[in-house]
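**Q** This is the structure I want to talk about, given as structure tokens.
Taken together, the values in this text are just the output of simple stated rules run on the coordinates, not laboratory data. These numbers were taken from a predicted model, which means no experiment stands behind them. Every residue, glycine as well, gets a Cβ built from its backbone with ideal geometry; the counts of neighbours run over all protein chains shown.
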Amino acid sequence: MEPLNIAATSSTPAIHLNTTGAISIVGKSYPENTFEFYRPLMEWMEAYFDGNAAEQTTVNMEIVYFNSSSSKLFFDFFDLLDEQRSKHVIEVNWIFHKENESALEAGKDFKEDFAELTINLVAK
């Protein structure tokens, strides 16, 4: 399985997925077609958990701004991770800038929605 790397644009985050279990999503997220943009991420993650997953998967998400359709996609992403937590060690670091209250609140909401998934709120 090959790593997946997608470069950031002004409206989409950089995405780096690696079979070593290091996953990062960094930047802004308001693509024109959110589900089309994130389709490679979701397909890669499904294949990763279907037999290529590392002992521990660490997801670092540093999303400085996202729109409502990205929020829905992130919910689906966390749902996929949550479904795998009984079979895999998964840790999510929701990284936010100290002055970005909306990013902190979003992290708290995801943490509450997925109480069984390890989501760390990390101030930067």
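**Q** Could you please find all residues in region 102-120 being touching a residue at least 24 places away in the same chain (Cβ under 8 Å) and either crowded, with 16+ Cβ neighbours inside 10 Å or β-branched (Val, Ile, Thr) (or both)?
**A** Ala103, Ala106, Phe110, Phe114, Leu117, Thr118, Ile119
**Q** Could you tell me which numbered condition Glu116 fails, if it satisfies all but one of (1) closer than 25 Å to Lys28 by Cβ; (2) touching a helix residue (DSSP H, G or I) at 6+ places or on another chain (Cβ under 8 Å)?
**A** Glu116 satisfies every listed condition except (1).
**Q** Let me confirm something: among Glu43, Glu62, Glu2, which residue is touching a Lys or Arg at 6+ places or on another chain (Cβ under 9 Å), among the charged types (D, E, K, R) and over 18 Å from Lys87 (Cα atoms)?
**A** Glu62
**Q** Another question, then. Lys98: touching a strand residue (DSSP E or B) at 6+ places or on another chain (Cβ under 9 Å) and exposed (fewer than 14 other Cβ atoms within 10 Å of the Cβ), yes or no?
**A** yes
**Q** Do any residues in region 86-101 that are over 18 Å from Leu117 (Cα atoms) have Cβ atoms under 6 Å from those of residues that are assigned to a loop (DSSP other than H, G, I, E, B), where the two are at least six apart or on different chains, and which pairs are they?
**A** So the pair list comes out as His97/Lys124.
**Q** How many residues, within region 10-32, are more than 17 Å from Met45 (Cα to Cα) and in contact with a strand residue (DSSP E or B) (Cβ under 8 Å, 6 or more places away or on another chain)?
**A** First pass over region 10-32, keeping only residues more than 17 Å from Met45 (Cα to Cα): 10-12, 27-32.
Next cut, in contact with a strand residue (DSSP E or B) (Cβ under 8 Å, 6 or more places away or on another chain) only: 10-12, 27-30.
Number satisfying all stated conditions: 7.
**Q** Additional query: Of the conditions (1) farther than 20 Å from Ile119 by Cα; (2) in contact with a helix residue (DSSP H, G or I) (Cβ under 6 Å, 6 or more places away or on another chain), Ser29 clears all except one; give me its number.
**A** It is condition (1) that Ser29 fails.
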